[in-house]
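Here is the structure we will look at.
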Amino acid sequence: MSIWTELSGIDYRHAYVKTGDITTRALQAGPEDGEHVVFLHGTTGHLEAFVRNIPAHAGRYRCHSIDMLGHGYTGKPDRPGEIPAYVEHLMAYLDAVGAERAHLVGESLGGWVASWAASEHPDRVASLQLLCMGGTKVNPAVMERLKKSTRSASLEDDISFTRDRLRLLWADWDEELGEELTRLRYEIYHHPDFQRNLHNLLALQETDTRERNLLRPDRMARIKAPTLVVWGNKNPFGDVPEAEAIATAIPGARLEIFNECGHWPQHEKADLYNPLSLEFLAASSTT
């Protein structure tokens, strides 16, 4: 199995979209008149995090998996990556593709950005799916682990550091697709523009920056979009009580826990996640 075979059954476009002064890389698929679903990856991630999900959703929905601001092959302004900037970039992308409203699916950092967007722009967000979302806590040990592993993966020539960084996300390593994603991530991480921008991508792992961007209960209480919280019981960056607290803070949120699953539930447990997501989207449909 490879990225190519995961996507081989659908008609898709690998696009570069002008979003204000930033060029955004996107994987687009599905009917152009379908409801928009935007998939948002985690810290220092890239759009390929959702290759196991786009085909299942593209039959009905207009799908967009994007490299977020400063990530992957999207433009990299020289400023710290803070949540309002990510949200501004997301809104610019929605404007660029003509999406008045969209369902947002966010993993880790992506969930943080999606939740903030829903609290600030409720008219633009049809529903939320928060997959092992970050941003509700300051945990210095986790933050240091993420900084150290990402710097090694980006700045060391040995590809094993990139593999180790990717392995953090999974409870059960996928040897075949994992190796392909490792090679892809290695190329992204070792691009000079990415290396120059790395300190900006890791800004939220600094205590002061994280504190002013925290997704606090009062902000989550403002979210009006239907919300699905999905968590892995072996998530190395946050335990199940953290997921329970998120689901409690967001009015009407639904919580699903995947067993034997780490930080990438949409990937590790795609056979469980995809039908769950489609069921939730159908119930949250705007048409």
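For region 43-148, list the helices (runs of 4 or more DSSP H) that sit wholly inside it and hold at least 1 residues that are in contact (Cβ under 8 Å) with a residue 60 or more places away in the chain, open to solvent by 10 Å² or more (accessible area, probe 1.4 Å) and over 24 Å from Glu256 (Cβ atoms); which are they?
Numbers: elements: 54-57, 83-96, 109-120.
Here the list reads 83-96.
I need a count of the residues in region 172-187 that are among the hydrophobic types (A, V, I, L, M, F, W, C), touching a residue at least 60 places away in the same chain (Cβ under 8 Å) and surrounded by fewer than 20 Cβ atoms within 10 Å (Cβ to Cβ). Residues meeting the conditions: 2.
Does Asp164 count as more than 30 Å from Ala282 (Cα to Cα) and among the charged types (D, E, K, R)? Walk me through how you get there before you give the answer.
Numbers: more than 30 Å from Ala282 (Cα to Cα): yes; among the charged types (D, E, K, R): yes.
So Asp164 passes the test.
The set of residues in region 223-239 that are open to solvent by 50 Å² or more (accessible area, probe 1.4 Å) and in contact with a Pro (Cβ under 8 Å, 6 or more places away or on another chain) contains only Lys224.
When Asn200 is tested against (1) among the polar types (S, T, N, Q); (2) more than 18 Å from the chain's Cα centre (by Cα); (3) open to solvent by less than 40 Å² (accessible area, probe 1.4 Å), only condition (2) is not met. Within region 276-287, the set of residues being of a type in the set (Gly, Ala, Ser), in a loop (DSSP other than H, G, I, E, B) and more than 11 Å from Leu228 (Cα to Cα) comprises Ser285 only.
The values are calculated or read from the model by the stated rules, or taken from the named source; none is laboratory data. Just so it is clear, the structure is predicted and the values come from calculations on it, not from any experiment. Note that each Cβ is placed from the backbone with ideal geometry, even for glycine, and that neighbours are counted across all protein chains shown. Accessible surface areas use protein heavy atoms only, side chains included; no ligands, DNA or RNA. Shrake-Rupley method; radii C 1.70, N 1.55, O 1.52, S 1.80 Å.
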